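Read through the structure below, which is laid out as C-alpha cells, and then see the notes.
Every number here is computed from the coordinates shown, using simple stated rules; none is lab data. What you see is a predicted model, and the numbers here were worked out from it, not measured in a lab. All Cβ positions, even for glycine, are placed from backbone atoms using ideal geometry, and neighbour counts span all protein chains on display.
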Amino acid sequence: MNHWIIAPVILPALLAPVIGFVMRHDLPLARTASVAGTVALLVIAIGLFVTAGGDPQVYYLGDWPAPFGIVLVLDRLSALMVLVTTVLALLVLVHAVATGWDARGWHFHALFQFQLMGICGAFLTGDIFNLFVFFEILLIASYGLMVHSGGRDRMRAGLQYVVINLAGSTLFLFALGVLYSVTGTLNIADLALRLQEVPADEAALVRVAAMLLMIVFALKAALFPVQFWLPGAYANAPAPVAALFAIMTKVGAYAILRIHTLVFGPGIVATDGMAGTWLLPAAIVTIAIGAVGVLGARNLLALIAFSVLGSMGTLMVAISAFSPVATTAALYYLVHSTFAAAALFLLADLVIARREAGHLGARPATLQNGLFAALFFAAAIGMAGMPPLSGFIGKLMVLDALRAPGTMAWAWSAVLFGSLMTIVGFARAGSALFWKSTAVPLDEPETAETDEAPEAPSGTDRPAGAMELAPVMATVALLVMLTTFAGPLVGYLDGTTAQIFDRSGYVTAVLGTEGET
Amino acid sequence: MNGQEAAVVVNDPSLIIIALLPFIGALLPGMMIRAGRNACAIFTALPTVLSLIMLLLLAPSVMAGQIITVELSWLPQLGLSVAFFLDGLGLLFAAMILGVGLLITLYARFYLSGDDPMGQFYTYLLLFQGAMLGIVLSDNILLLLIFWELTSLSSFLLIGYWKHLPEGRQGARMALAVTAAGGLAMIGGMLILGEIAGSYKLTDILAAGEAIRASDWYMPALILILLGAFTKSAQFPFHFWLPHAMAAPTPVSAYLHSATMVKAGVFLMARMWPVLAGTEAWFYIVTTTGLVTMVLGALIALFKDDLKALLAFSTVSHLGLLTMLLGFGTPMAAVVAVFHIINHLTFKAALFMTAGIIDHEAHTRDIKRLGGLRTLMPVTFVLGTIAALSMAGIPLLNGFLSKEMMLEEASHTDWAGSPWALPVLATLGALLSVAYSFRFIVHVFFGRVREDYPHKPHDPPFGLWIAPALLVGLVVLIGILPHVAEPLVRVAAGAVTGGTLPEFHLKIWHGITPALYMSVIAVLAGAALLAAHRPLDRAWIAAPRPEAKAIFDGLVGGAVGLSRWVTQRTHDGAMSRYLAIFVGSTTLLGYLAWRGGGMPPQTREMLPVPPLVLVGWVLLLVAAGSMALMHRNRFRSLVVMGVIGLTISVGFVYLSAPDLALTQISVETVTIMLLLLALHYMPKASPVESSAGRRIRDGVIAIAGGAGVGALALMFLLRDTPTISDYHLANSYEGGGGTNVVNVILVDFRGYDTYGEIIVLGIAGLIIYAVMEALLNGPAARKLRNTDYSLDRSRDRHPLMMVIATRVMMPIAILVGVYIFLRGHNQPGGGFVAGLVVSIALLMQYMASGFAWTQSRQKIEYHAMIGWGVVIAGLTGAGAWLGGKPFLTSGYDYFHFPPIEEFELATAMLFDLGVFLAVLGAVMLMLYSLSRIARYAGETVNREPMDYDPSADRTTRTTKEQE
C-alpha cells in the first residue's frame, strides 16, 4: 500500500500544531517551518500526480476492508486537485510572508496548514462522511484565515460566511442521514454500486439525498441561489487568503464532479439527469450575477470576487453537461480559473496596500504604476477569458463542448454576454486604477482619507520588492504555461475524464475485483 | 469547384517566424528606449523589416499561384493548431500591415514628444502589428479568433496611450467594448462554422462552402460572424467607436484606421466570401449595411471640423463602400473591393499623417481655425492635396480608378427589385465624398493666411513628411499606371473568390460608361455642395441628431447603474434573507426531487407512543416554540436551549444510546457555561430588526423546512436497510478489541473522522484565541473598557458555598473523568466525554474563584495541550506505518501483572488520549480567551479564592484545599 497517499493530510496536520503551539512566539521560525512544509507538500503532490496515471489507488485506513472502514482514493482527478492546491498554496504563502500579512494576527501559519490539510483531505477521501469531516476542517480553518487580523467589516463578513456554511454543513448531515438510511453505507464506491440497483419507482429518498448533496456542494461552489456569501467573504478577507480561497470554491465543484458522476451520475436510473437539469440554469444565473457584479462593482476586491462568481458559473455550466468532452473542458477551466483568480487577488493586495484604498475612485498613481498596470492587464485578460491566456482556451473548450440543442443557446449566450460584461467591467476598473490615476495630483486626496478605514498598515509607501512580486508574476506565468502547454495538459485531462466516467473501474479498485459487499 | 484545392500547397516554416516576429520584437523597444529614442525606433523597425523581407521572399511563389502553409500542433483535442497559410489575400494584407507599419514607426519617431513614453508606444504598436498579421495569416479559425481579440486588446492600449486624457481612456474603452462584443459574437459564429464543416481549419472550411450555405445553422453563423466584422470595420450602427478612437496619437490613427484594425472586418468578409457570400441573406445584410454606412459616414464627415474626425468618418464611409462591394457577391465586385483596399490604404494613411503634421505644427486640428496653410506649409500642402484628390476620385489618381469601378458595379446591381436604388445612393456617397475631400483641401490650405494660429506653422522636418510622401508616390503611380498593381489585385482577388476571376484590366479609361456620368455628377455636385457649406453647416449644427457617444455612454452608464443597484440590493449582507433563500429553495428542490421517484415499500409499523415520549415531545415543541418567541431575551433563550439539549439527551437514553446521551449532556453543559460567560459582555437583549411581515415569511419557511426534515425522517425510519453497522457490531471485539461498538467506531473503524473532528476543535480554540487578540487590539477593546458592567455584577462574585463545593467535587469529577476514559473501549465513555467531564470540573474552579486565581495554580499551557492532543493522535496513527500497516491501524493485547486483574492495552487508547487532551485544551483555551476579555472589561483580578474569606488571617489554607 502506498503510504504517500495520506501524506498530504498528515504532513500539515502534524506540522500545524507544532507551528501553532511550539513556534507561536517566533514568527521567523513559524515562517520557515510553514514554507518548508508547503514545499514538501508540493513535492509530495508532484510525486502523487506522477504516480496517479493508472488505476485508482486505494488506502485502507486502519486496515479495515472497504466499505467498513474509511478509504482514501488517489486517482488522476484527486492527484490533479491536490497538485493545484499545493502549487497555489506555495504562491499564496510566499506572498503572505513577503507582504507581512502573516504578522498581522495570530496563528496564520497554523491555520494555513490546517486549511491545506482540510482541502487535501477533501480531495483524497473516498468516503462521503469523511468528506463531511474535511468540509468542517476546511470551513473552520478558512473562517480563521478569513478573519485574520480582524477589523469590523471583516468580522461581519466572516460571521456571515461561517453561519451560511454551517447551515450548509447541517444540510450535509441531513443528506448523509437520508443516504445512509437508504443504502446503509458511506463508502463512495459502495454507494455507486448500491445505487445502480435502486429502481426508479423506489428512488424518492435517493433523489432527495442527491438533491440535498448537490445543494451542499453548490453552496461551497457558490452557485445560485446559494452564492450570496461569496462576494462579501472574498471581498473582505485578507487578499492572500482570498487568493487561497480560489481553490475552496473548486472543492464544491470537485464534489459535484465526483459524487454526481460516480454515485448519481449518467446511467443511474434513480437520479437520471436530475443534477444536470438543475445545475445548468443555476450556473447560468450565476454567470449573470457574476457579470452584473463585476460591472457594478465600486471596489476592486468586490470586482474580483464577482468575477470569481462568474467563473464558477462558467465552470458549472460545463460540469452540468456531465459529458466527457465537457468534463475535460471543465477541468481545464477549473485549473485556469483557480490561478487567474489568485493572480488577481495577489496583485490587488499589492495595489491596495499602496493606494491605501480598495475603492475605484480617483487616487493618485502609486509607485510602480506601470508594472502593476501590466500585471493587472494580464491577470484581467486571464479572468475575462481573452486571448492569449488560458481563459480564452478554456472558454473555447467549454463552448465547443456544449452543443446539445437545448443547452447551446442558453449556455453560449450566458458565457459570451458574461464575458463582455466582465471585459467592460475590468476595462473600467483598470482604466480608473492605472490610467485615470496618472491625471490625479498627489496632494488632492488627503481629505478623502479620513472616512476611509485604512486597509493596510502604513509603511507600504515603498516599491514592491522581488519577493512580493514573485508570486503574482509566477501565477501569471502559470497562466501562460497553461496556454502554451494546453495540448499535453488536455491530453492528461482526457485521461482524467475517462477515469471519472469509468464507474466500474473505481468500484473495482476500492471494493476488490468482484465489487460485492 | 475551388481554387485552393487546385493550387500547389507548399510547406514553409518561415511563415511562423514571419507571424511571430512582431511579438518577439515587442520585447525590444521597452528595453532599447534606454539607449535613446533613435535606437528604440530602429529596434522597433528591425522585426518589421525582417518579417517584411521574409514575406517578400515568399511573394514570388504566391504570385505564381502557390499557397504556403505551416502547421504546428497546439491543442489537437479542440482542433486548435498554430496553422498559418499565405495566399494572395494574405500576402496583400501582410504586405500592407508590415509596410505601413514600417512607415508608421518612422513617422512616430518624429511625431511623439519627449514626454511620451516611446518604448511603451512601440511595444504596443508591435503587439498590434503582430495581432493583425496573425489574423491575415491564420489557417485555423480558432487561432484567427485569438488574434482577432488580440487586436481589440492591443488597440485598447494604443488608443488609451495618452492615459491622462479622459478622451483617450473613454475612446479606448468604447473601442474595446464594441470590438470585443463583436469578437465574442464571432466566437459563436466560428464555432458553429467549425461544427458544420467538421474542422476548424480555414482551408477545410473554405472547401465546405456548399455544405455551410445549405446548413440550418447558416443564418446564425452568418449573423454572428458579420457582427464581428461589422463592429471591427465600424459599420453602421457600430460605427461610432471609430471617431472616438481618434483620441489616440495620430500615428496610431493612421495605422489603425487606414491599413489595419478596421480593415480586419473587411478582410474577414473577403476571407469568408467563398463560404458565406452568394446568398440572399448575405446580399441584403452586407450590401445594405455597407451602403447605409457609406452614405451616412460621408454625410457626417462633411460637417466635422476636426481634421481627424473628418478623416475618421471618411474612413467609415469607405469601409461601407468596401462592405457593399463584398456584399454584391459577384467576382468582379470582389476584384474592385480588393483594388480599393489598396487605394484607400495609400491615400488615407497619407491623409492621416498630413493631419498629424498640421496638428503637430499648428497645434490645432480644427478646420475652422485653419486655412491659408498653402504658403506656410508647401510640402504638406502638396501631399495633402494629392491624397485628398485621390480620395475625391479625381482622374489620374488611384482613388478615381476604384471608385469608377465601384460605380460601374453599382450601376448594374438591383436592390429589392429596384435598379435605381444602388446607383443613386452610390453616386450620393461619391458626391459627399468629393465634398468633404475638397473641404479638406480648400478650408485648410486655401484662403487667407491667418494671424491667430495657436502656433505659427511651417513645414515639418524630413522625417515627418517622408512617410506620407512615399504613400502619395504610390497614389500617383497606381493612378497613372494602374497595371502595376494588377498582378497583386489579381492574385488577391483570386484568393477572395476562390478561383475563377472575370476578365478585367485595370486601366484609366473605360470609355463613356454610366459610371463616368455618375463620376462627373459626383464631382460637380460635390463642389457645389462645398460652396454651400456655410449655410448647410449652420443647419446641420441646428438640426437635432442622435449623438452616438451620448447614447453609448448612457447605455454603459445605465448598465453599470442597474448592475450596481441589483448587486447592492441582493448582496447587501442581509444574512436572514440569505438563509431564508437557502432554506426555502432547499425545501422546494428537495420536494421536487422527492416527487420524481416512488417510495420503496414500508417495512416497519409505527410504534405506539408511550406517555413519557409524548411528554418529551411536547416539551421539545414548547421549548422550540419559546425559543422562537423569546430569543430577544438572550439569557432566557439560553435556558430554553439547555432544556432542548437535555430533552434530546433523555431521548438518547430512552432509545438505548448511552454514549450519545453522555456526550450530549457534557457538550450541553460546557456550551451553556461558556455561552453564559460570553453573554456577559454583550447586550442583554436583541433589538427588533425585522418587520412582522418578514417574521411571518421566515416562520413559514422555517416550518416548511422543519416539516420537510420531519417527513424525511419519518419516511426512512419506517424502512430498513442492511447497513455496514452490522459489520461493525460483528467485528468490534475481534478486530477492534473493544466491546463498546460506538467507541470502537470512533477510535478505530472511523478513527480518521474523529481525528478530523478533534482538529476542528483545536482549530476552533486557536481561532477564538486569534480573534480575541485581534479584537482586543482594535476598537472593541476601547468599547469594553468604557462600558460599565459593574451593575451586572454580583456583590458576591465568588461565593463561599460554591468555592467549597467545587473544591470538594473536583477530585471526584476528575476520577470520574479517568474512569470514563479508561472504560471507554468497552463501556459507554471514551476520551471525548472524559475530556469534557474534566473540563467541566476545571471550569467550575474558574467560575468559583475567578480565572486569574485558578490560572496561577495550573502549569500546563492550553495551547500546548491542544497541540499535544493532535500530535499524539496523529503519531499514534502514524505508528502503524512502522508495522507496515496503514495509518490508524490499531493493535491491542491483554496483559496481566499479578496484583491487578488481566487488562487490555490498545493503541486506540493512546489515540483516545489525544482526543482527551485536544478536547480539554480547546475548552480551556476558550475559557482563557473569555477571561482575557473580562479583564479588559475591568474585572479585577482576585488573589483570594473567594470574596469573603472567613479565615482572612490564614490564607494558606486555600492552597491546601486545592491539593
Discussion item. Give me the base-10 log of I(q)/I(0) for segment B:277-531 at each q in 0.09, 0.13 Å⁻¹, Debye formula, one uniform scatterer per Cα, rounded to two decimals.
Written reply: -0.39, -0.78
Item to complete: Return one number: the angle in degrees, 0 to 90 and rounded to the nearest 10, between the long axis of the Cα atoms of helix B:166-197 and the longest principal axis of the Cα atoms of chain B.
Response: 90
Discussion item. Taking the 0 to 90 degree range and rounding to the nearest ten, how far is the long axis of helix B:37-63 tilted relative to the main principal axis of chain B, both from C-alpha atoms?
Written reply: 70
Worksheet item: What number, in percent, do you get for the relative contact order of chain B if the mean sequence gap of Cα pairs under 8 Å and at least 6 apart is divided by its residue count?
Response: 8
Worksheet item: How compact and how long is segment B:647-791, expressed as Rg and Dmax of its alpha-carbon atoms in Å?
Response: 22.3, 63
Practice prompt. Let me know the longest stretch in chain B that avoids all chymotrypsin sites (Phe, Trp or Tyr not before Pro) found in a DSSP loop with at most 16 other C-beta atoms within 10 Å.
Written response: B:510-788
Worksheet item: Are any of the pairs B:LYS308/B:LYS368; A:LYS395/A:LYS436; B:LYS163/B:LYS456; B:LYS232/B:LYS308; B:LYS232/B:LYS368; B:LYS684/B:LYS783 more than 23 Å apart by Cα-Cα distance, and if so, which?
Response: A:LYS395/A:LYS436; B:LYS163/B:LYS456; B:LYS232/B:LYS368
Worksheet entry | Cut-off 11 Å between beta-carbons: net charge of the residues surrounding B:LYS201, Lys and Arg +1, Asp and Glu -1 | -3
Worksheet item: What is the antiparallel percent of DSSP beta bridges lying wholly in segment B:1-275, to the nearest 5?
Response: 75
Worksheet item: Ratio of Rg to Rh for the protein assembly as shown, alpha carbon only, Kirkwood?
Response: 1.06
Worksheet item: Per residue and in cubic angstrom, what volume does the convex hull of the Cα atoms of chain B have?
Response: 299
Practice prompt. Could you grab the relative contact order for chain A? Cα pairs under 8 Å, six or more apart, rounded to a whole percent.
Written response: 16
Worksheet, complete the sentence: Summing -39500 (n - 2.57) over every DSSP H run of at least 4 residues in chain A and dividing by its residue count gives a helix-only mean residue ellipticity at 222 nm, to the nearest 500 deg cm²/dmol, of -23500 deg cm²/dmol
Worksheet entry | Value of D in µm² per second that Stokes-Einstein yields for chain A, Kirkwood Rh from Cα pairs, at 20 °C (1.002 mPa s) | 93
Discussion item. What is the sum of charges, Lys and Arg at +1 and Asp and Glu at -1, for the other residues whose Cβ falls under 12 Å from the Cβ of B:TRP217?
Written reply: 0
Worksheet item: What relative contact order, as a whole-number percentage, does segment B:277-531 give when Cα pairs under 8 Å and 6 or more residues apart are counted?
Response: 25
Worksheet item: Counting Lys and Arg as +1 and Asp and Glu as -1, what is the net charge of the other residues whose Cβ lies under 10 Å from the Cβ of B:ALA580?
Response: +2
Worksheet item: Which value, in debye to the nearest 20, gives the size of the charge dipole of segment B:277-531 about its Cα centre, when Lys and Arg are +1 and Asp and Glu are -1 at the Cβ?
Response: 540
Worksheet, complete the sentence: Expected unfolding gain across B:TRP617-B:LEU714 under the 0.36 nm per residue rule, minus the alpha-carbon gap, is 33.5 nm
Worksheet item: With charges set only on the Cβ (+1 for Lys and Arg, -1 for Asp and Glu), what does the dipole of segment A:100-236 come to about its Cα centre, in debye to the nearest 20?
Response: 600
Worksheet item: Roughly how many whole Å is it from the C-alpha centroid of segment B:363-403 to that of segment A:322-382?
Response: 48
Worksheet item: Which angle between 0 and 90 degrees, to the nearest 10, do you get for helix A:274-296 versus the longest principal axis of chain A when only C-alpha atoms count?
Response: 0
Practice prompt. Kindly provide the helix-only [θ] at 222 nm of chain B, computed as the sum of -39,500 (n - 2.57) over DSSP H runs of four or more divided by all residues, to the nearest 500 deg cm²/dmol?
Written response: -23000 deg cm²/dmol
Worksheet entry | Candidate lysines for bridging to B:LYS403, where Cα separation is under 18 Å - those fewer than 8 sequence places away on the same chain excluded | B:LYS263, B:LYS348, B:LYS507
